[in-house]
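Worksheet: one structure, shown below.
The values are calculated or read from the model by the stated rules, or taken from the named source; none is laboratory data. Source: prediction; values computed, not measured. What goes into the accessible areas is simple: the full protein's heavy atoms, side chains included, and nothing from ligands, DNA or RNA. Shrake-Rupley method; radii C 1.70, N 1.55, O 1.52, S 1.80 Å.
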Amino acid sequence: MQVSLVLELYEKQGKVLKNSLHVELSDLEFFKRVLSVPDHDPLMFGSYKIDTISNSEIFEKYGFMLDVGRYDCYAGYRKIL
C-alpha cells in the first residue's frame, strides 16, 4: 500500500466520476500551496478543486492540463492498494 496523489474528474452536471488519475511522483508542498490547502489538512487527504489558475501552475510544473471547462477537477492524496 502507498499514498499517491489522485486527480478526479467529475461531470459538471450530475457529479458522475468520469476519470481518476494517480500521480506517482508529486510534490505535496507544491499542491498544498497551489490548491490553498488549509493548515488543518497537512497531508492533503481532503479533495481540493483545481481551477483555471491552479491548472496552469500544474501544467507548468508537470506538463499536463486538465479540462476544467468540461469537468470539475479535484486533487487529494489517497491510500492506493
Cross-link partners of residue 32 among aspartates and glutamates (Cα-Cα below 17 Å; sequence separation of 8 or more within a chain): 8, 24, 41, 51, 57, 60
Solvent-accessible area, 1.4 Å probe, carbon plus sulfur percent, for the chain: 53 percent
Hz values of 3J(HN,Hα) by residue in region 61-66 - Karplus curve (6.51, -1.76, 1.60), Gly and Pro given as x: 8, 10, x, 10, 10, 8
Average accessible area per residue (Å²) across the chain - probe 1.4 Å, nucleic acids and ligands excluded: 64 Å²
Helix-only [θ]222 nm of the chain, DSSP H runs n ≥ 4, -39500 (n - 2.57) each, per residue, nearest 500: -6500 deg cm²/dmol
Candidates 16, 68, 37: whichever shows maximal mean-square fluctuation once the chain is modelled as a Gaussian network with Cα springs under 10 Å: 16
Vicinal HN-Hα couplings computed from phi for region 28-42 (Karplus, 6.51 cos²θ - 1.76 cosθ + 1.60; Hz; Gly/Pro x): 3, 5, 4, 5, 4, 6, 5, 9, 6, 6, x, 4, 6, 10, x
Shape metrics for the chain, restricted to C-alpha atoms - Rg then Dmax, Å: 12.1, 33
Under 5 Å, built H, 5+ apart or other chain: amide partners of residue 35: none
